[in-house]
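S.K.: Quick one: this structure, given as structure tokens, is what I'll be asking you about.
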Amino acid sequence: MLKILNVVGARPNFMKVAPLVDAMKRREHEFTPLVVHTGQHYDVMMSDAFFKDLELPKPDLYLSVGSGSHAAQTAAVMQRFEPVVLEAQPDWVLVVGDVNSTLACALVCVKLGVKVAHVEAGLRSRDRSMPEEINRLLTDQISDLLFTPSQDADENLRAEGIPDERIRFVGNIMIDSLNKLLERAKDSQVRQQLGVADSDYAVLTLHRPSNVDERETLARILGALETIAERLPIIFPVHPRTRKAILELGLERQLQAGRGLRVIEPLGYLDFLRLYSGARLVLTDSGGIQEETTVLGIPCVTLRENTERPITVEMGTNTVVGTDPQRITTAAFAALDQSSRRSYRVPPLWDGHTADRILDSLL
Ligand code: UD1
């Protein structure tokens, strides 16, 4: 029987940990799962709503870390997580993704000599100005086992000198949640509530510091979105960081002016899945959404200069355009004008069975 401590901290972690905990509960003779929530994200719509939709059991421990500078947040997670590990004495700690909580908890484990595995290892944007890239690089260097979503990630790890024995290509854990909940999401009334019809709208998400923290960049991106919204309404569930930036940078008027760009509160997992799975186009700077749109065949325009998920461009529906307004509108209009959707393939092992492959590997 293996005791596994599963760490969650921020919104993109929940859909990765839910299938793992679910599989551990199903395999109760082999695994005892514990869930620790660092509290990096804490608003109901950034956290609790996801536990409910994903049927993730309430955390066994909640560390209430909250927001702060990178140093303050990372340090607070470390200080509060260390006694938890000492008390629980797990056989393995599982960390997922690339948020500050991921690195902080992995670092605690390696210093205590407790085995830690990183799920979604090996992704690289090669852009070290992204906080997530630093979190990925360091977490992979110190973790005992590295579970990768695609074979380009294996190559990245080998190129950094990580031996093959530590690398396991298991597929994309997020797609386990997507496959499980796609049918259930059809009960969501979100499109009726917003008054949008199938394939007659676009969905936007935007929260990267490099896109939203500076006035000039954010204004430029919003300008391009207004142009697109003249042709197709864009629904924009706004991240708290972006809402704050829009207010602080005095850009609310630009949003009100573009009537086709509709700002709404962040959505839970099922409502958001329902919304983007019926969209004609998705515009995003998220990592996970590039993957989810690839699996569903929805055209995705990524508002970043690079991606750590190149397979979504090579095999999937993703186009990486950066933040130049002309490039954004050209790519969006090209996607809208295509008479038939771009052909795409679902990458190998993005099949909904990644959790079981990970558990088999831990045994
Ligand atoms: C974090 C992750 C990022 C991930 C994103 C998804 C890091 C370095 N970044 O970015 O990789 O893509 O989550 O959402 O870990 N806030 C709230 N309520 C909340 C959480 C945050 O209002 O529940 C506000 C606070 O003002 C906070 C700001 O959002 O200061 C940023 O939160 P933080 O967790 O530091 O980073 P994110 O931008 O959310």
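S.K.: Considering only the stretch 155-167, I want to know if a residue exists there that is part of a helix (DSSP H, G or I), basic (K, R), open to solvent by 10 Å² or more (accessible area, probe 1.4 Å) and touching a residue at least 40 places away in the same chain (Cβ under 8 Å).
M.R.: no
S.K.: If you don't mind, another one. Check every one of the helices (runs of 4 or more DSSP H) wholly within the stretch 310-363 and list those with 3 or more residues that are in contact (Cβ under 8 Å) with a residue 40 or more places away in the chain.
M.R.: 325-337, 354-362
S.K.: Give the residue, chosen from T242, T302, that is polar (S, T, N, Q), modelled with pLDDT of 95 or more, under 27 Å from H41 (Cα atoms) and in contact with a strand residue (DSSP E or B) (Cβ under 6 Å, 6 or more places away or on another chain).
M.R.: The unique qualifying residue is T302.
S.K.: I've got another one for you. With I221, I228 as the choices, which residue is under 15 Å from T319 (Cβ atoms) and touching a helix residue (DSSP H, G or I) at 6+ places or on another chain (Cβ under 8 Å)?
M.R.: Residue meeting the stated conditions: I228.
S.K.: Let me ask you something else. Looking only at residues that are within 13 Å of the ligand (Cβ to nearest atom) and open to solvent by 10 Å² or more (accessible area, probe 1.4 Å) in the stretch 284-303, which one is farthest from N135 (Cα to Cα)?
M.R.: I289
S.K.: From the list A88, A71, A23, A76, pick out the single residue that is more than 16 Å from the ligand (Cβ to nearest atom) and out of contact with any strand residue (DSSP E or B) (no Cβ under 7 Å at 6 or more places or on another chain).
M.R.: Sole residue among the options that is more than 16 Å from the ligand (Cβ to nearest atom) and out of contact with any strand residue (DSSP E or B) (no Cβ under 7 Å at 6 or more places or on another chain): A23.
S.K.: Okay, moving on. State yes or no: is G195 exposed (fewer than 14 other Cβ atoms within 10 Å of the Cβ), more than 16 Å from the ligand (Cβ to nearest atom), of a type outside the set (D, E, K, R) and more than 23 Å from E292 (Cβ to Cβ)?
M.R.: yes
S.K.: Just one of the numbered conditions (1) within 16 Å of the ligand (Cβ to nearest atom); (2) outside any strand (DSSP E or B); (3) among the hydrophobic types (A, V, I, L, M, F, W, C) is not true of V7; which one?
M.R.: Just one mismatch for V7, condition (2).
S.K.: Going through the stretch 198-239 one residue at a time, which ones are within 16 Å of the ligand (Cβ to nearest atom), open to solvent by 10 Å² or more (accessible area, probe 1.4 Å) and either closer than 23 Å to S277 by Cα or more than 25 Å from the chain's Cα centre (by Cα) (or both)?
M.R.: T205, H207, R208, P237, H239
The values are calculated or read from the model by the stated rules, or taken from the named source; none is laboratory data. All values derive from a computational prediction rather than experimental measurement. Neighbour counts are summed over all protein chains in view; Cβ atoms, including those assigned to glycine, are modelled from backbone coordinates with ideal geometry. Protein only, heavy atoms only, side chains kept; ligands, DNA and RNA dropped before computing areas. Shrake-Rupley method; radii C 1.70, N 1.55, O 1.52, S 1.80 Å.
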